[in-house]
1. If the requirement is being of a type in the set (A, V, I, L, M), without any contact (Cβ under 8 Å) to a residue 60 or more places away in the chain, within 19 Å of B:Tyr115 (Cα to Cα) and near DNA strand C (Cβ under 9 Å from one of its atoms), which of these qualifies: B:Leu59, B:Leu51?
2. Taking only pairs six or more apart or across chains, which ones have beta-carbon atoms under 7 Å, a first residue in the stretch A:127-155 that is on the phi > 0 side of the Ramachandran plot, and a second residue that is of a type in the set (D, E, K, R)?
3. Could you go through the stretch A:27-37 and let me know if any residue there is within 13 Å of chain B (Cβ to nearest Cβ), under 26 Å from A:Glu174 (Cα atoms), more than 16 Å from DNA strand D (Cβ to nearest atom) and at pLDDT below 95.
4. What number of residues within the stretch A:181-209 satisfy the criterion of being part of a helix (DSSP H, G or I) and of a type in the set (Gly, Ala, Ser)?
5. Return the residues of the stretch B:39-54 that are more than 8 Å from DNA strand D (Cβ to nearest atom) and more than 14 Å from chain A (Cβ to nearest Cβ); say none if nothing qualifies.
6. Please specify each residue of the stretch A:16-45 satisfying the condition of being over 20 Å from the mean Cα position of the chain (by Cα) and buried (at least 21 other Cβ atoms within 10 Å of the Cβ).
7. Would you please name the residue that is farthest from B:Leu82 (Cα to Cα), looking only at residues in the stretch A:1-33 that are out of contact with any helix residue (DSSP H, G or I) (no Cβ under 6 Å at 6 or more places or on another chain) and without any contact (Cβ under 8 Å) to a residue 40 or more places away in the chain?
Protein chains: 2
Amino acid sequence: MAADELADLAALLADRSRARFLLALMDGKAWTSGELADAAGVAPSTASEHLTRLVHGGLLVERRQGRHRYVQLAGPKQARLLEELLGYLGPTAPAGPTLRASAADQALRRGRTCYDHLAGRLGVAITDAMTARGLLTDELAITDDGLAWLGDELAFTPPGSRRPIARACLDWTERRSHLAGTAGAHVCACLHERDWVRRIGTGRAVRLTPTGATALHDLLGVLPP
Amino acid sequence: MAADELADLAALLADRSRARFLLALMDGKAWTSGELADAAGVAPSTASEHLTRLVHGGLLVERRQGRHRYVQLAGPKQARLLEELLGYLGPTAPAGPTLRASAADQALRRGRTCYDHLAGRLGVAITDAMTARGLLTDELAITDDGLAWLGDELAFTPPGSRRPIARACLDWTERRSHLAGTAGAHVCACLHERDWVRRIGTGRAVRLTPTGATALHDLLGVLPP
DNA sequence: GGATCACTTCGGCGCACGCCGAACCGTCGT
DNA sequence: ACGACGGTTCGGCGTGCGCCGAAGTGATCC
């Protein structure tokens, strides 16, 4: 029965702590069990049990290394699933109660990574600019011009994998689509490599560097937000 | 916290009976509380409680009519959510254990409604034919030719709503995309109206009528499966 | 008006699950 | 070799939830 599988999958997500784990893991990085326990505010033992469930359920993969257990989203398919769920829930309330939380929130809304590509206002701005220049269609499929542009400007060569080159990912703060897929991942990686964007602290939030701001303006006409 | 909302939403789906309800409701029709209780194999009292939860959670809408309580998927957004979840789960095992279940299964795989459009081999065949004729792009976006064709052949005028005209819906038996969105809904309604397809019994399964088979062959070159 | 029917509410049962702290096990630093 | 540390396992507690049957409420049919 397909219903039973659906219920089992949903049960995996139907817990506040596990949901917090998954949201944290949306940055695509590997986290240790202890880090996640802290992030969700539960005891290490509790976190350990949750992680075994998530790994068994196929949502996460783990890598034991010394005395650490690193876990990570199992792949783009799982990331996409979470994106869809978050997209359904829609935009979240804009401000937190404490000043510190609010500042972190603002940073996340300005720009962040979403699994392996850029999201937030920065991600949306880049996507819009690419669409405006005819590099993407309105449905965020890649055009021939876009493919050529990616190759010329960002040294992108499409891999022969099953994963789509360009794909729309619904942003849960902006409620706007932004570029995902291998092209989205490449843009994100490339901007990091050229030091046009930098991680803020250890989280998912990123900020544009001054060189990055001018470079993106020259390249795509993106104006600073 | 967004994680809490995610967990709450997932909890709504994380029950075998409720999942069965939702899958049954994927045909887009309104079901009574009793029908759903039978379909899921639970007592009427149990079904009633589940339905109140699903309605409160926003997944279903209800309409009281005399002594009946009709429930229905709340809208395309909710249907799409379920599609995505089922798409993640992937194709299901092809055969049931009993003969009767297997026959019903075969009928569903051959052709069925998926919320408001056609799915199964029939839905995929129509979509493929439209793509081959340039009416849809490979990503299942509508082309100008497609828009003209829909207007000429099926008297379709695009509504000014926010809902996309054409959209890909991943088929959980065929593991192939087929046409959804307002265009998909129109095709489905139109084929029913012209008696080219007919419901089999009371479920979601549909079959092509002989006139429908020849008509679809003439119109799109679709060959009978 | 009385019987029937669809559905709901309530009480109660049992199970599954989330959580923790304590004990334990490897790994790493010194 | 020792202690500190990250992670896991286990026992136990409380709770939430799915389920049913019995009783109750309206609507419908004759």
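1. B:Leu51
2. Correct list of pairs: A:Gly134/A:Asp145; A:Leu140/A:Arg167.
3. No, that holds for no residue.
4. Result for the stretch A:181-209: 5.
5. B:Ser48, B:Leu51, B:Thr52, listed by residue number.
6. Result: A:Ala37, single match.
7. For the stretch A:1-33, the residue satisfying everything is A:Thr32.
Results for (1) among the hydroxyl-bearing types (Ser, Thr, Tyr); (2) under 20 Å from A:Leu6 (Cα atoms), shown as yes or no for each residue.
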position: B:Ala2; (1), (2): no, no
position: B:Leu13; (1), (2): no, yes
position: B:Ser17; (1), (2): yes, yes
position: B:Met26; (1), (2): no, yes
position: B:Lys29; (1), (2): no, no
position: B:Ser45; (1), (2): yes, no
position: B:Arg64; (1), (2): no, no
position: B:Lys77; (1), (2): no, yes
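The values are calculated or read from the model by the stated rules, or taken from the named source; none is laboratory data. Predicted, not measured: the structure shown is a model, and the values here were computed from it. Reconstructed Cβ throughout: ideal geometry from the backbone, glycine too, with neighbour counts over all protein chains shown.
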